[in-house]
Every structure is written in structure tokens, then in C-alpha cells.
Amino acid sequence: MKKYISFAIIICMAATTTMMGQFNDNVVIAHRGAWKQANNPENSIASLNAAIKLGCHGSEFDVHMTKDNILVVNHDPEFYGLDIESSTYEELLKKEHPNGEKIPTAEAYLKEGMKQDKTKLIFEIKTAKAGKDRTLELAKMSVDLVHKLGAPKWVEYICFDFDAGKYVHELDPEAKVAYLNGDKTPEEAKEAGYSGLDYHFTAYEKNPQWIKEAHDIGLSINAWTVNEPKVMKSLLDQNIEFITTNEPEMLFKILSEQKKNR
């Protein structure tokens, strides 16, 4: 009997090891999924799966809250002419993407992403037009949803609202949260509980010292939205951790060329 118990323990440990540390080790974050070359709708399930198929480290997606408190995935505050914040989820279902998909709920999107363990789900908490309270409510509902689904291993958060990111850190001190707006120094972001900076690439051009300063205090660096080869190569030369792009295929090609030339 002891032999069988020991064998079962070994199998469980092996399974746990297989599930841990399996995410792709590259810099590529697909902005709103992989949509441009694949001709998928942005922020669709199809674009998520295309990013996973490419082998991206992460696939970014944007989350709003409907009038009836449903979290949905879309970049713009409108979905084919309907204002998301002032519409119910049922009203939004009357519209669809060109590929026939309805607007995904954040729950459906996360569940789809959790079918694999190679690509991270980069969860952007959108700033609510209704104001700070609504944005913070969205942040709390987002963290609650991620934990309800058992998704913390897959999810990293990003946000433009500085207080929303601080709140996420308070709700889940283990969560990785990066700030998007580009108006805080690395020290200010670190003090607020952020684990990384995720600024437009021009912010680093204006403040080149921020990359080293961030790395010195343990913050990661991401740059958005980088679609030009010259900028990609410059950022790679500065050893940043991630690049968010509408052209993940192009970035993979550059990475492959650099690897061959080493």
C-alpha cells in the first residue's frame, strides 16, 4: 500500500511541475490579440487563440463594465455603435463582430485562455467614463472574477488609472500589475505596489533613465504599442522584458533573426 501511495505522490508532484513555469519565455505581447495579419476582430476569442497559436508570451485584452454590471471585452467604449457603460449585456448581444462572434464576457475570455498554459492573459482594467468609483468597482470585480475562476496564474493586470492599480495590489498583493499612463517615475510606481511599468515607447525615449531605474528596483518594463522594426530593435537592445505590438509576427521575425546572428 505504501508503494502505491508513494507512486501517487510522485505522479501528483510531476503533474504540478508540468503545470508550473510553462508560459512562453519571450517578449511578445499581442495587442488586443493577434488580429491584424490574421484578419480577426480585435479583442475577440479568435484573436486570443491566434496569439496563443503564434506562441506569444501574452495576449492583451480590454475590459469594461456594462450598465448591468457584466464585464465585457472590447477596446473602445462603444461596441458597433452601442455605448457599453450605458447598455445592458443583452443589448450588446444584438451586435456582433464581422466573424459572427458576440462581444465576449471577461469570464468567457478567461475560460478560453485557461485552456492552455503557454500565453499569459494581460487584463486591462479600462477607466470608466462614469468616474473613479465605477473604475474601482470594475477593478474589484475583475480581481474577484480572476480568483473565482482560479486564474491568477494566467493573469497580469494593466491600467491607466493609477488608483485602480493600487487597489488591485491591495486586493491581491501577489498580483502582477503594470501602470500604463507614463506619468509616474519608477519609484512612485513601486511605492504604490506596481510590479512593472507599461508605458508608450515614447515615454522611455523622453526618460531613458527610467528603464535602468525600474530594473534596479525590481520593476519590469513593457512598451506599447510598438509596430516599427527600428523601435522594436532599439527596445530589445535595452533589455526590456516585454513589447506590446499589433505586429507580433514581425516581432517574432526580428527575434529569430537576432538569435541566428548571435
Scan the stretch 65-90 residue by residue and report those that are among the charged types (D, E, K, R) and out of contact with any Lys or Arg (no Cβ under 8 Å at 6 or more places or on another chain).
-> Lys67, Asp68, Asp76, Glu78, Asp83, Glu90
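Please specify each residue of the stretch 186-195 satisfying the condition of being under 12 Å from Lys166 (Cα atoms) and buried (at least 22 other Cβ atoms within 10 Å of the Cβ). Explain how you work it out, then say what you get.
Kept after step one, since they are under 12 Å from Lys166 (Cα atoms), are these residues of the stretch 186-195: 188-195.
Correct list: Ala189, Tyr194.
This table checks each residue for (1) closer than 14 Å to Gly182 by Cβ; (2) touching a residue at least 40 places away in the same chain (Cβ under 8 Å); (3) loosely packed, with under 13 Cβ neighbours inside 10 Å.
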| position | (1), (2), (3) |
| --- | --- |
| Asp198 | yes, yes, no |
| Pro208 | yes, no, yes |
| Ile211 | yes, no, no |
| Asn222 | yes, yes, no |
| Thr225 | yes, yes, no |
| Leu236 | no, yes, no |
Candidates Tyr157, Tyr167 - the one that is closer than 27 Å to Lys118 by Cβ, hydroxyl-bearing (Ser, Thr, Tyr) and at pLDDT 95 or above | Tyr157
When Met250 is run through (1) under 19 Å from the mean Cα position of the chain (by Cα); (2) under 19 Å from Arg32 (Cβ atoms), the failure sits at (1)
Looking only at the stretch 45-71, and only at residues there that are farther than 24 Å from Glu137 by Cα and among the small types (Gly, Ala, Ser), the one that is surrounded by the fewest Cβ atoms within 10 Å (Cβ to Cβ) = Gly55
Criterion: aliphatic (A, V, I, L, M) and touching a Pro at 6+ places or on another chain (Cβ under 7 Å) - qualifying residue of Val155, Val146 = Val146
Residue list for the stretch 75-116, restricted to those being in a loop (DSSP other than H, G, I, E, B), in contact with a Ser or Thr (Cβ under 9 Å, 6 or more places away or on another chain) and acidic (Asp, Glu) = Glu85, Glu101
What do you reckon, is Leu121 touching a residue at least 24 places away in the same chain (Cβ under 8 Å), hydrophobic (A, V, I, L, M, F, W, C) and in a strand (DSSP E or B)?
-> yes
Looking at the stretch 72-89, which of its residues are crowded, with 23+ Cβ neighbours inside 10 Å and hydrophobic (A, V, I, L, M, F, W, C)?
-> Val72, Val73, Phe79, Ile84
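The values are calculated or read from the model by the stated rules, or taken from the named source; none is laboratory data. Just so it is clear, the structure is predicted and the values come from calculations on it, not from any experiment. No Cβ is skipped: glycine too gets one built from the backbone with ideal geometry, and neighbour counts run over all protein chains shown.
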